[in-house]
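Everything on this sheet refers to the single structure shown next.
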Amino acid sequence: MTDPARESLASFALRLREFRSTAGSPSLNKLVELTAALERPLARSTISDKVNAKSLPEWDFVISFITGCAAFAREAGVVLPPELTDLARWDAEHRRMLCVVDRSHADDRLADAARADLSRRSSLPVPAAARLGAGRATSSPAVMPRQLPAAARHFVGRTAELQSLDELAEEAARVSDTAVIAAIDGTAGVGKTALAVHWAHLAADQFPDGQLYLNLRGFDPVGPAIAPAQAVRAFLDALSVPAEQIPVGLEAQAALYRSVLAGRRVLVVLDNARDSAHVRPLLPGSPGCLAVVTSRRRLTGVITAEGAQPLTLRLFSNAESRELLIRRLGPQRPAAEPEATSEIIASCARLPLALSIVGARAGAYPQFPLSALAGELRSTRGGLEAFNDGDPSLDVRSVFSWSYGQLDQETARLFRLLGLHPGPDISVAAAASLAAVPAEQARAAMRELARAHLVAEHLPNRFTFHDLLRAYSAELAHSQQGDAERRARLRSLDHYLHSAYAADRMLDPHRQPITPAAPEAGVCPESFTDRRRAMEWFTVERPILIRAVGQAAATGFDAHAGQLAWALTTFFDRRGHWPDWAATQCTALAAAERLGDGIGQARARRDLARAYAQMGRYDDAHAHLQRALDLFGAGGDLTGQAHILLGVGWIYDRQGRYGEALSSARRALELFRAAGNPSGQANALNNVGSHHVRLGNHREALITCRQALAIHHETGDLRGQADAWHSLGNAYHHLGESTRAAGCYRESLDLFCDLGDRYQEAVVLTHLGDTLRAAADHDAARRAWHDAMVILEELGHEDAFEVRIRLATDPLRPLGRRGSAVTAGLAGEVDRSHAEPEAQPLIVAESEGAERRRDEVRVGVQPGRAAAQ
């Protein structure tokens, strides 16, 4: 035997001798007498050998020896420290010694004995165990525990989770230092119990010493959760430990429970735990055992301290949802009504409990078409009434309430308020404004809700929940209607309005501003340090902002609806979200009409016309612009009228009515001058130049576009500069000056890229490609068109078709090495000083927003700038 093995055996034997001494040093004869009634009494001839490390002390010997010494101590009035009588501690120490000796090959006799004891402890129905301090030992149980409840008949999916549990079972089968634990968590109704019980039945044969199961009722709405002491006692009873041998106190009972499990292969399923403290006393401590715990909360404590393997269950996929319905109903009905089946799945939010409830109802009424059940779900309008079958354990609302009832007061309040939020997700900052609390408090509450699986943190500091939980939250919020609900809605809308307004001002600081009312107390809008952050915020929040406009109009906050729609205009324009732009402006127009706000109506009609024009609805655009012109005229607003005239000219240009377009832009220029609005003059000058290009007056176009560029340089209006450079590029292109045109286009392209205007990037790239082809640089032209086509396809814009035609019909060269067209072709030849026109400064101007012609790729000319305010 190697030294480590000999040392381990000697150390364990020393511990036995020390315990005997602490217990009062009973004689060998006394120990024989005290253990005579035990299942495995001590023999005097073996005690000395084993406690002096002359032979291996098997586990049966250790149990009897500890029991005899403890009984002597009780007779002698010696109080033994609890840690000395903890059989779980002795079990762990003894097993470690056996493993060390087993790994030794120097002394085959002792190594074989250790290996045999390890094997015997794993295969025996019950190891000898005693309640220390008593003179009688437990005996083997009369009934092997097989406590698993019936498995779900229609179990589907969860392939990855089942594989993970199989791997943990394999790990438990190998000799290790401790038991293996799986911690399954997930939202209410997601199928945690179904998974645990289904897998436990599949794996039962791997745990021949029994399967223990207990529903801990951690979220029971009727009675209290099962206390750990009650649970341990139930397991001891299941393991046939006589009542008179069960000590008083949770700690002692838990120690005995672990001792009874020591050396056995037992599966322990702890269902519906409240938290880590709830299950910790019930976890086996010895190798060979596997504990599967389910909870609606992530059991961070058990995962961290006990090394449990977390398994978080998600909602079913569409395929799994359909399979569950097929299992319940058979394949014919779902196959006959695929659309109704899909609607049922969507109404159930892919939540297994909800799908099971609806599936059971459909199964009970086979004569009902699935379309009728889908209509029944639809009629509840996102509510939960359709999922109430009278059984609280299967009622979705009741099941959710069990989790909600465990929340502290402030966290519960925030969960209720989430039902007022437009969705589909929410940031910590928005949650803080909704609840009028500091951001850190909101973050802590949202993460507590995530731990309870009432929400999910799907991105860092962004949370969502499925539609049925949203409906439950909304029910809770509406049940407490009154001023508090209205003020919470107002705070939420204020958060998005003032955040969007700040982001818009960052994107286009030269846009003529509006004046939103001051936000409610407790609202903390987002702030932005640069255009990139503002654009990123708009991109992430876009679905919420669109819903917020509709929610504001539907709940009586018409001013918020109009102002928020206004704040979205620049972003929608630059990102090409024209249907969203039109929809929000329609809502804004209706809100302004309800308020009797003429200026608000004029603004909404102007922006709606711009969106319609981008969508090719020119007649509708003209109608709205004419009505807006009348409204601004009635109010004597010269600047407003001038902006409308720019828009009218811009649409005329798109329709090929170039003379009317030029006339309208000149009228706008006159009004801007009369109003003393230099920014408007700059925009009008650029539009006049753009229309001149369309009419073939290219030299006149250069003069007016240079004037516009000079004013935009003075005011720092980058968007205005981008428009002017683009118009100059068009003029030079038609004059046949390709080098100058390419230089102007690149100046414009750099600015549009910096501004994040994807559509304008594509338009300029298209025109750059036209100039490069005119210069016979076909490879660079094709790269420019390719880059433009990629952007237009991302935007879903019809202009992508025209760019594809360019690529398909260019006869001289296929698309070469991919690369940005900005650095291709003439890039190496262009002297930017040639491209920059001679500036002719006129006046300092304030920039307007911009609009571009989407179908100009056909002729390679971009019309001037529309009204953007």
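Here are some notes:
- For the stretch 50-110: Kirkwood Rh in Å [reciprocal of mean 1/r, alpha carbons]: 13.1
- Here Asp166 sits with roughly 60 square angstrom of accessible surface, probe radius 1.4 Å.
- A full extension of the chain between Arg533 and Leu202 corresponds to an added length of 114.0 nm, given 0.36 nm per residue minus the alpha carbon distance.
- Two-site label geometry, Ala346 and Asn318: point separation in nm, points 7 Å out along Cα→Cβ: 1.0
- Across the protein chains, with a 1.4 Å probe defining accessible surface, the residues Arg6, Arg657 rank Arg6, Arg657 from largest area downward.
- Probe 1.4 Å - accessible area at Val197, Å² to nearest ten: 10
- Estimated [θ] at 222 nm from DSSP helical runs (n ≥ 4, -39500 (n - 2.57)) normalised by residues in the chain, nearest 500: -19500 deg cm²/dmol
- The phi-based Karplus calculation (6.51 cos²θ - 1.76 cosθ + 1.60; θ = phi - 60°) puts the 3J(HN,Hα) values of the stretch 419-436 at x, 8, 7, x, x, x, 9, 8, 8, 4, 4, 5, 5, 4, 5, 4, 9, 6 Hz, whole numbers, x for Gly and Pro.
- Cα-based reach from Lys30 at 17 Å (exclusive), listing lysines while leaving out same-chain residues under 8 positions away: Lys50
- Ordered by 1.4 Å accessible area with all protein chains kept, Ile357, Ile599 run largest first as Ile599, Ile357.
- For the stretch 13-55, the pair-distance distribution built from all alpha carbon pairs, in bins 5 Å wide starting at 0, is 5, 24, 27, 30, 13, 0 percent.
- Size check on the stretch 1-117: the Cα extents along the three principal axes, sorted descending, read 44, 27, 20 Å.
- Relative contact order, percent, the chain [alpha-carbon distance under 8 Å, six or more residues apart]: 7
- The tail of the calculated P(r) for the stretch 596-728 beyond 26 Å holds 19 percent of all Cα-Cα pairs.
- Stretch gain in nm, segment Asp166-Ser479, where the contour uses 0.36 nm per residue and the Cα spacing is subtracted: 108.1 nm
- Phe155 - accessible surface, heavy atoms, 1.4 Å probe, Å² rounded to 10: 30
- What the Kirkwood sum gives for the stretch 452-605 is a hydrodynamic radius of 16.5 Å, with every pair of different alpha carbons counted.
- Accessible surface of the chain, 1.4 Å probe, proportion on carbon and sulfur as whole %: 51
- Per-selection metrics, the chain (Cα): Rg and Dmax in Å: 38.9, 124
- The stretch 407-453, Cα convex hull volume normalised per residue, Å³: 66
- Residue ranking by accessible heavy-atom surface, 1.4 Å probe, largest first, among Glu700, Glu251, Glu761 comes out as Glu251, Glu700, Glu761.
- Dividing the convex hull volume of the alpha carbon atoms of the stretch 637-689 by its residue count gives 51 Å³ per residue.
- Accessible area in square angstrom per residue, the stretch 755-812, 1.4 angstrom probe: 34
- Annotation for Ala150 and Asn52: the two label points, set 7 Å from Cα along the Cα-Cβ direction, are 6.3 nm apart.
- A cut-off of 5 Å between modelled amide H atoms, ignoring neighbours fewer than 5 places along the same chain, links Ile181 with Ala291, Gln309.
- Here the label points at Ala623 and Ala590, each 7 Å from Cα along the C-beta direction, are separated by 1.7 nm in the simple model.
- Where the stretch 570-636 is the region considered: accessible area per residue in Å², 1.4 Å probe: 36
- Of the residues His510, Thr539, Ala488, the one whose Cα sits farthest towards the positive end of the charge dipole of the stretch 473-541 is His510 (charges of +1 on Lys and Arg Cβ, -1 on Asp and Glu Cβ, taken about the Cα centre).
- Gained length - Glu251 relative to Thr178, 0.36 nm times residue gap less alpha-carbon distance: 24.4 nm
- Partners for Lys54 among aspartates and glutamates (Cα-Cα distance below 14 Å; same-chain residues under 8 apart left out): Glu7, Asp107
The values are calculated or read from the model by the stated rules, or taken from the named source; none is laboratory data. Since this is a predicted model, take the numbers as computed values, not measurements. All Cβ positions, even for glycine, are placed from backbone atoms using ideal geometry, and neighbour counts span all protein chains on display. Protein only, heavy atoms only, side chains kept; ligands, DNA and RNA dropped before computing areas. Shrake-Rupley method; radii C 1.70, N 1.55, O 1.52, S 1.80 Å.
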